[in-house]
Every structure is written in structure tokens, then in C-alpha cells.
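The values are calculated or read from the model by the stated rules, or taken from the named source; none is laboratory data. Not measured: the values here are computed from a predicted model. Here Cβ is always computed from backbone atoms with ideal geometry, including for glycine, and neighbour counts include all displayed protein chains.
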Amino acid sequence: MALYHKSLYVFDQHRPIPALVRNYEPADIPALIQIQQESFPPPFPPELWWNEEQLHHHIRLFPEGALCIEIDGQLAGSMTALRVDDSARDEDHPWESITDAGYIRSHRPQGGTLYVVDISVRPRYRKLGIGKCLMQAMYDVVVHLGLTRLLGGGRMPGYHLYAGERTAEQYLNAVVEGELKDPVITFLMRCGRTPVRVIPHYLEDEESCHYGALMEWNNPFVSSAR
């Protein structure tokens, strides 16, 4: 296994700050759980935060997909992925089933698609572009492993404001057209992801009315990517 280790700078306005993206390890588990707690405070269900067993599974089953970013010796964010079959792009799957509720025992070592399980950034670091750095690191993993694409479902937290007047598909189209801005979908588009379709009952998320937007990033070096 080739470990990921990338030094870079993030920016606090015009001030560059050294950062490091690397694979997370067992010693990082307490900090990773704290990141989840800070990133998803109540009313987010605490039982959906990472637990130690899940994180040990990530590190053991697919360490290449277990990434974190470190600033001044402190973990500021993390991102987790697993490999799935390319056919996942054409299936309506809830997050819980495709990720094994975050335990990733559904990981397919020969799968051609990298599937995003989670991305979390501590609130005090969110103006530094850390989420984009983590996403770019996962694109690096896709290219390094020669996979077809990165795939994952994005929350649509702005949709509940328009659910009475638009379908989920119409809301997503309005975001893509620039008519509306969604905190998650717009961020993912800025990171290079493109929407595939809306998936109903993707995640227990009242703000998204339980919908998710399946979004992908295709490996530009693999001709079979759609």
C-alpha cells in the first residue's frame, strides 16, 4: 500500500498556513470522533457520529480511503471512502446500505469506483478551503489506483425551503443552472463534482427531505468513465 502524504498550504484570507493531508491511523481515532461531534452538532443524531469500531474498519479494510488533514499538529478534517462496483452509478442506493452504515464491510477490493462515505471539517477551519483539499486528495487516490470515478451522494440541505414548490429534481436543476445556491451541492460542484441524479430516501435528513444528489468525478485518464 502506498501511503498518502501531501504537504500544502491553506489560506486564511491572504495568510498561507502549512497543512498536511495523510492517511489517518488508530492513534487519530479520538480526534476523528471529536471532528464528527463538532461538525454535526445536535439535532444531528449522535448515533450517526463515527465510533471506534467503524474507524478501525476504515483503517483495516481500506486505508487508502481514510484521509485526514492536519494543521499545526491538530486534525482539522477527515474524509473516508470505499471501493464499490461501477454499477453503483446506475443504482438508487441509500447511504446506509452502500456504506454498510459507515462500517464499510461492503468494500469491494476490486471495485472500479471510489465511493465517498463522509467528509467532515471542524467549524473553526471551514474558511480555509480544507474540504476542497480533501476532495482533491481523493481524486488523487482515484488516479493512483486507476479507478473509473469518484462517486457519492451529497446532502441537499437547502431543499426543505423549496419542497412545497419544486420537486427534488427541479431543485437540483436550479442549483446547477445557478438560479439557487445549496451549501453542499454548490460546494461539491466547485470541487469538480457533477450531478448524476437525485436519490430518494438516501439519508435521514429533514433539511434535504431525505433526498441525496448522486454526484461524480470521472478519472480523466480512464476512457471508460462516463
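Structure notes:
- Residue list for the stretch 21-47, filter: among the aliphatic types (A, V, I, L, M) and surrounded by 14 or more Cβ atoms within 10 Å (Cβ to Cβ): Val21, Ile29, Ala31, Leu32, Ile33, Ile35
- Among (1) touching a helix residue (DSSP H, G or I) at 6+ places or on another chain (Cβ under 8 Å); (2) without any contact (Cβ under 8 Å) to a residue 12 or more places away in the chain - the single one Leu150 does not satisfy: (2)
- Extreme residue, farthest from Thr113 (Cα to Cα), among residues of the stretch 204-226 that are at pLDDT below 90 and loosely packed, with under 14 Cβ neighbours inside 10 Å: Glu204
- Residue match in the stretch 22-32 (condition: modelled with pLDDT under 90, of a type in the set (Gly, Ala, Ser) and either over 19 Å from Asp205 (Cβ atoms) or in contact with a Lys or Arg (Cβ under 8 Å, 6 or more places away or on another chain) (or both)): no
- Close pairs from the stretch 12-25: first closer than 19 Å to Met138 by Cα and assigned by TED's automatic domain parsing to the domain that holds Cys133, partner of a type in the set (Gly, Ala, Ser) and at pLDDT 95 or above, Cβ under 6 Å, at least 6 apart: Leu20/Ser7; Val21/Ala137; Asn23/Ala66; Tyr24/Ala66
- Set side by side, the residues Gly164, Gly192 differ, and just one is of a type in the set (Gly, Ala, Ser), surrounded by fewer than 20 Cβ atoms within 10 Å (Cβ to Cβ) and either in the same structural domain as Gln13 (by TED's automatic domain parsing) or touching a helix residue (DSSP H, G or I) at 6+ places or on another chain (Cβ under 8 Å) (or both), which is Gly192.
- Failed criterion for Thr80 (all others in (1) hydroxyl-bearing (Ser, Thr, Tyr); (2) crowded, with 23+ Cβ neighbours inside 10 Å; (3) modelled with pLDDT under 95 hold): (3)
- Sole exception among (1) crowded, with 16+ Cβ neighbours inside 10 Å; (2) under 21 Å from Ile98 (Cα atoms) for His201, by number: (1)
- Extreme residue, nearest to Glu91 (Cα to Cα), among residues of the stretch 104-130 that are crowded, with 21+ Cβ neighbours inside 10 Å and among the polar types (S, T, N, Q): Thr113
- Of residues in the stretch 39-61 being of a type in the set (Phe, Trp, Tyr) and either assigned to a strand (DSSP E or B) or within 15 Å of the chain's Cα centre (by Cα) (or both), the one modelled with the highest pLDDT: Trp50
- Among the residues making up the stretch 128-150, those that are over 25 Å from Leu75 (Cα atoms) and either in a strand (DSSP E or B) or polar (S, T, N, Q) (or both) are Thr148, Arg149.
- Selection within the stretch 15-38 - of a type outside the set (D, E, K, R) and either touching an Asp or Glu at 6+ places or on another chain (Cβ under 7 Å) or not in a helix (DSSP H, G or I) (or both): Pro16, Ile17, Pro18, Ala19, Leu20, Val21, Asn23, Tyr24, Ile29
- Criterion applied to Ala213, Ala137 was being under 30 Å from Glu70 (Cα atoms), in contact (Cβ under 8 Å) with a residue 60 or more places away in the chain and not assigned by TED's automatic domain parsing to the domain that holds Gly77, and the one residue passing it is Ala213.
- The condition (being at pLDDT 95 or above, of a type in the set (Gly, Ala, Ser) and in a helix (DSSP H, G or I)) is satisfied by just one residue among Ser106, Ser87: Ser87.
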